[in-house]
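Novice: What follows is a single structure, and I will ask about it in a moment.
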Amino acid sequence: RLFKSTGLASHLHHIAITGGKELIVAGGSAKDLSQLEKNIKVSMLNCNPAFSSNNLTNDWAKKVQLGIKTKGGKIIPQAIIHVINLNAGGEKSSEILAGFTPDAFVIDEVMKAPFIDQLNAAKPSFDTPYGKLANAILSGTGGNEELSRDALVVLNDPQDYGILEMDWDALERGMDK
């Protein structure tokens with residue numbers, strides 16, 4: 001739970017206000033996505049006004065456009081947050097994350113649902129010959145063994161999936177065994 005939805009919301013808010021144009025937020029269920037939505041709203045509504053973003057559209061089931069609307073009605077877009085329900089990794093959603101050009105990419109609750117097919121479909125959009133366009137953040141807490149099979153596969157072979165390993169010794173230093 002080190003980074004869960006509060007950290008994810010802060011990360012996405014930071015990317016949006018520092019020039020990120022396309023942010024991808026994916027999760028295995030509407031319930032998990034709604035918690036992340038709530039935390040993004042809290043972050044944006046309770047920050048210093050210099051760091052706030054206005055919602056031009058507010059469809060948290062699909063996409064939210066951030067930016068400014070002038071008094072004359074002209075829209076000045078800042079960023080788009082694409083909210084994608086992976087539908088627990090169903091067959092029809094295997095390519096749902098393909099085709100974006102994200103500046104931020106988050107999949108929440110990876111321990112609860114199959115996600116490897118969706119992640120593999122998205123990888124070409126942020127892995128370029130010149131480096132990373134965006135770093136994928138996979139976040140989650142444990143589910144049951146059946147639902148977390150993809151997470152176990154990735155955790156058991158992180159290098160093959162381009163995952164940076166957690167330094168558990170550094171995290172747990174100073175903790176009572």
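Novice: Say we look at the range 91-101 and pick out the residues that are over 13 Å from L23 (Cβ atoms) and at pLDDT 85 or above; which of these is least open to solvent (accessible area, probe 1.4 Å)?
Specialist: Result: A98.
For (1) touching a residue at least 24 places away in the same chain (Cβ under 8 Å); (2) within 17 Å of L97 (Cβ to Cβ), each residue gets a yes or a no:
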{"site": "L12", "(1), (2)": "yes, yes"}
{"site": "A16", "(1), (2)": "yes, no"}
{"site": "V25", "(1), (2)": "yes, yes"}
{"site": "S29", "(1), (2)": "yes, yes"}
{"site": "N39", "(1), (2)": "yes, no"}
{"site": "N46", "(1), (2)": "no, no"}
{"site": "F51", "(1), (2)": "yes, no"}
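Novice: Which numbered condition in (1) on the phi < 0 side of the Ramachandran plot; (2) assigned to a strand (DSSP E or B) is the only one that G67 fails?
Specialist: (1)
Novice: Would the range 15-24 turn up any residue that is part of a helix (DSSP H, G or I) and open to solvent by 70 Å² or more (accessible area, probe 1.4 Å)?
Specialist: no
Novice: How many residues, within the range 107-121, are farther than 14 Å from I163 by Cβ and at pLDDT 85 or above?
Specialist: Going through the range 107-121 one residue at a time, the tally reaches 4.
Novice: Under the condition of being open to solvent by 20 Å² or more (accessible area, probe 1.4 Å) and among the aliphatic types (A, V, I, L, M), which residue from the range 122-155 is nearest to M166 (Cα to Cα)?
Specialist: Ranking the candidates gives L155 first.
Results for (1) open to solvent by 20 Å² or more (accessible area, probe 1.4 Å); (2) in contact with a Pro (Cβ under 8 Å, 6 or more places away or on another chain); (3) under 30 Å from V153 (Cα atoms), shown as yes or no for each residue.
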{"residue": "A26", "(1), (2), (3)": "no, no, yes"}
{"residue": "S29", "(1), (2), (3)": "yes, no, yes"}
{"residue": "F51", "(1), (2), (3)": "yes, no, no"}
{"residue": "V64", "(1), (2), (3)": "no, no, no"}
{"residue": "I68", "(1), (2), (3)": "yes, no, no"}
{"residue": "N87", "(1), (2), (3)": "yes, no, yes"}
{"residue": "D103", "(1), (2), (3)": "yes, no, yes"}
{"residue": "V110", "(1), (2), (3)": "no, no, yes"}
{"residue": "P114", "(1), (2), (3)": "yes, no, yes"}
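Novice: Let me ask something else about it. For the list (1) in a helix (DSSP H, G or I); (2) open to solvent by 60 Å² or more (accessible area, probe 1.4 Å); (3) at pLDDT below 85, I need the number of the one condition that E165 fails.
Specialist: (1) is the only condition that E165 fails.
Novice: Given the structure, is K31 at pLDDT 90 or above, out of contact with any strand residue (DSSP E or B) (no Cβ under 8 Å at 6 or more places or on another chain) and not hydroxyl-bearing (S, T, Y)?
Specialist: In short, no.
Novice: What are the pairs with Cβ atoms under 6 angstrom where one residue, in the range 138-154, is farther than 13 Å from G28 by Cβ and in a loop (DSSP other than H, G, I, E, B) and the other, located anywhere, is modelled with pLDDT of 75 or more and open to solvent by less than 50 Å² (accessible area, probe 1.4 Å)? Sequence gap at least six, or different chains.
Specialist: G142/M111
Novice: For the range 31-49, enumerate the residues that are open to solvent by 50 Å² or more (accessible area, probe 1.4 Å) and over 30 Å from D150 (Cβ atoms).
Specialist: Taking the range 31-49 first, the residues open to solvent by 50 Å² or more (accessible area, probe 1.4 Å) are 31, 34-35, 38, 41-42, 45-46, 48-49.
Matches in the range 31-49: L45, N46, N48, P49.
Novice: Residue check, N87 against (1) more than 20 Å from I163 (Cα to Cα); (2) modelled with pLDDT of 90 or more; (3) not hydroxyl-bearing (S, T, Y), all met but one. Which one?
Specialist: Only one criterion is unmet by N87, namely (2).
The values are calculated or read from the model by the stated rules, or taken from the named source; none is laboratory data. Predicted model, so just to flag it, every value in this text is computed and none were measured. Cβ sites come from the backbone with ideal geometry, for glycine too, and all protein chains shown count toward neighbours. For the accessible areas, the whole protein counts, side chains as well, though only heavy atoms, and no ligand, DNA or RNA atoms are used. Shrake-Rupley method; radii C 1.70, N 1.55, O 1.52, S 1.80 Å.
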